[in-house]
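Data block below; observations after.
The values are calculated or read from the model by the stated rules, or taken from the named source; none is laboratory data. Owing to the predicted nature of the structure, the values given are computational and were not obtained by experimental measurement. Methodologically, a virtual Cβ is constructed for each residue, glycine included, from the backbone with ideal geometry; neighbour enumeration extends over all protein chains shown.
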């Protein structure tokens, strides 16, 4: 095929392609493009995070990567795509708990942080809580989850359940549809 035949064929077919693009298609494209969300993403590598209340350190955390995302609609959030490792401090200033996970997202407007993927928490008693998701509600000062949460007590007791709820220090907890095995000590009745 020579160049002249190719160009002749192109000029014959081109009007059919152009005719298929009507005004309605352009109007639809404009309405779709006006609804798009523009994100501003600022990445920080090796982030140390300190959470304090009333001039007292309550937690210190580390995130290998933290992205601060600000959509043009104003609902900013911080995304920790490589997870976090957080130490919790008691009033004496010593570590009495820990939380690790593979992913976290903090939503500024809601004052909530969602910890996801292989979430493991250890409290001051040595109990271990694990789940695929735990949510920290900063305003209510609680952790909760609708996902299954597994609990292993320092005494060897194990349990699991859904609709988990605990105060920030994980000193107590409650959950629904639970089951497990408890280790009980024999003792003298009071």
For region 151-170, check the following and say yes or no: at least one residue is assigned to a strand (DSSP E or B) and either loosely packed, with under 12 Cβ neighbours inside 10 Å or under 13 Å from the mean Cα position of the chain (by Cα) (or both). no
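Residues checked against (1) touching a helix residue (DSSP H, G or I) at 6+ places or on another chain (Cβ under 7 Å); (2) at pLDDT below 55; (3) within 29 Å of residue 167 (Cβ to Cβ):
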site: 4; (1), (2), (3): no, yes, no
site: 13; (1), (2), (3): no, yes, no
site: 23; (1), (2), (3): no, yes, no
site: 46; (1), (2), (3): no, no, no
site: 50; (1), (2), (3): no, no, yes
site: 61; (1), (2), (3): no, no, yes
Residue count, region 173-190 (criterion: modelled with pLDDT of 90 or more and assigned to a loop (DSSP other than H, G, I, E, B)): 1
Answer with yes or no whether residue 165 is within 17 Å of residue 100 (Cβ to Cβ) and out of contact with any helix residue (DSSP H, G or I) (no Cβ under 8 Å at 6 or more places or on another chain). no
